[in-house]
Amino acid sequence: MRIGEAKAALMAGFARQLALPSGATGLAVTQLLNVANRKLMDGAAAALAARPGDMVADIGFGGGHGLRALLEQVGPTGTVYGIDLSPTVIAQARKVFHKPIGEGRLKLHHGPMDELPLPDACLAGVTTVNTVYYIEDEPLAASLEEVARVLKSGGRLVLGAADPAYQAGLPFRDGMISRAPQEISQFLEEAGFTVTDHRRIGEDDRAFHVYMGTR
């Protein structure tokens with residue numbers, strides 16, 4: 001195999017692990033993202049501004065940094081739901097967060113965003129970071145409608161995503177769907193959200209977009 005072909009194969013494998021982490025490699029990737037995207041995850045949690053006692057969720061939580069941030073916000077009387085497609089990620093989170101799970105403060109579920117195992121109008125807020133690149137248009141619309149279903153009236157969705165220009169330069173961009181900010185805002189509005197904020201986390205071309213939609 002030529003060097004270029006080997007690099008392409010390596011990047012394709014990395015892209016697959018970003019979409020659905022599995023095995024030891026998947027765990028390594030999620031821990032890398034915990035570090036690389038810490039500012040984005042902290043920014044998403046700060047934008048959500050959950051209050052003590054709230055019931056909230058992080059969808060596609062990966063390495064779990066967002067779960068930790070939300071647990072701190074809602075405090076000992078609140079509840080955080082962690083929902084992810086990856087069984088590997090779920091199993092790792094059960095080990096890392098055994099204490100809040102045992103206390104009933106953290107509840108983990110395996111499944112997609114368009115099939116949330118929650119009753120109507122139960123959550124005060126939801127965060128989802130770096131997930132929309134891996135969802136086609138029709139499932140994305142259904143996923144955002146599902147998030148709207150489980151949010152209380154006035155509940156907040158905070159969505160974090162990379163800038164399309166930055167995505168275009170990534171060597172592992174294959175399989176990632178790039179959407180302009182106005183497209184994401186349109187998806188949110190069509191799902192029943194009012195986009196109340198759109199900010200950037202960072203100042204260079206790597207800066208992420210954080211969108212807030214209110215139910």
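The set of residues in the stretch 163-173 that are of a type in the set (A, V, I, L, M, F, W, C) and surrounded by 15 or more Cβ atoms within 10 Å (Cβ to Cβ) comprises 170, 172.
For residue 53, state whether it is among the small types (Gly, Ala, Ser), part of a helix (DSSP H, G or I), more than 20 Å from residue 211 (Cα to Cα) and at pLDDT 95 or above.
Numbers: among the small types (Gly, Ala, Ser): yes; part of a helix (DSSP H, G or I): no; more than 20 Å from residue 211 (Cα to Cα): yes; at pLDDT 95 or above: yes.
For residue 53, the condition - among the small types (Gly, Ala, Ser), part of a helix (DSSP H, G or I), more than 20 Å from residue 211 (Cα to Cα) and at pLDDT 95 or above - is not met.
Being of a type outside the set (S, T, N, Q) and touching a residue at least 24 places away in the same chain (Cβ under 8 Å) is the filter here; which residues of the stretch 138-148 pass it? Correct list: 139, 140, 141, 142, 144, 145, 146, 147, 148. Checking each residue in the stretch 73-83 for being in contact with a helix residue (DSSP H, G or I) (Cβ under 8 Å, 6 or more places away or on another chain) and either modelled with pLDDT under 95 or assigned to a helix (DSSP H, G or I) (or both) picks out only 73. Here is the figure for the stretch 171-196: residues that are touching a Gly at 6+ places or on another chain (Cβ under 7 Å) and among the hydrophobic types (A, V, I, L, M, F, W, C) total 3.
Yes or no, residue by residue, for (1) under 17 Å from the mean Cα position of the chain (by Cα); (2) hydroxyl-bearing (Ser, Thr, Tyr); (3) under 24 Å from residue 55 (Cα atoms):
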site: 154; (1), (2), (3): no, no, yes
site: 158; (1), (2), (3): yes, no, yes
site: 165; (1), (2), (3): no, no, no
site: 187; (1), (2), (3): yes, no, no
site: 192; (1), (2), (3): no, no, yes
site: 196; (1), (2), (3): no, yes, yes
site: 205; (1), (2), (3): no, no, no
site: 211; (1), (2), (3): yes, yes, yes
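If you go through the stretch 50-86 and keep only what is surrounded by fewer than 19 Cβ atoms within 10 Å (Cβ to Cβ) and in contact (Cβ under 8 Å) with a residue 60 or more places away in the chain, you end up with 51, 85. When residue 144 is tested against (1) on the phi > 0 side of the Ramachandran plot; (2) of a type outside the set (Lys, Arg); (3) under 16 Å from the mean Cα position of the chain (by Cα), just one condition goes unmet, and that condition is (1).
Quick grid of which residues meet (1) closer than 20 Å to residue 62 by Cα; (2) surrounded by fewer than 16 Cβ atoms within 10 Å (Cβ to Cβ); (3) without any contact (Cβ under 8 Å) to a residue 60 or more places away in the chain; (4) not aromatic (Phe, Trp, Tyr):
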{"residue": "150", "(1), (2), (3), (4)": "no, no, no, yes"}
{"residue": "161", "(1), (2), (3), (4)": "yes, no, yes, yes"}
{"residue": "175", "(1), (2), (3), (4)": "yes, yes, no, yes"}
{"residue": "185", "(1), (2), (3), (4)": "no, no, yes, yes"}
{"residue": "193", "(1), (2), (3), (4)": "no, no, yes, no"}
{"residue": "198", "(1), (2), (3), (4)": "no, no, yes, yes"}
{"residue": "203", "(1), (2), (3), (4)": "no, yes, yes, yes"}
{"residue": "211", "(1), (2), (3), (4)": "yes, no, yes, no"}
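Remark: pairs (first residue in the stretch 89-103, without any contact (Cβ under 8 Å) to a residue 60 or more places away in the chain; second residue among the β-branched types (Val, Ile, Thr) and not in a helix (DSSP H, G or I); Cβ separation under 8 Å; 6+ apart in sequence or on different chains) = 100/80.
The values are calculated or read from the model by the stated rules, or taken from the named source; none is laboratory data. Quick caveat, the model's predicted, so the values are computed rather than measured. Cβ sites come from the backbone with ideal geometry, for glycine too, and all protein chains shown count toward neighbours.
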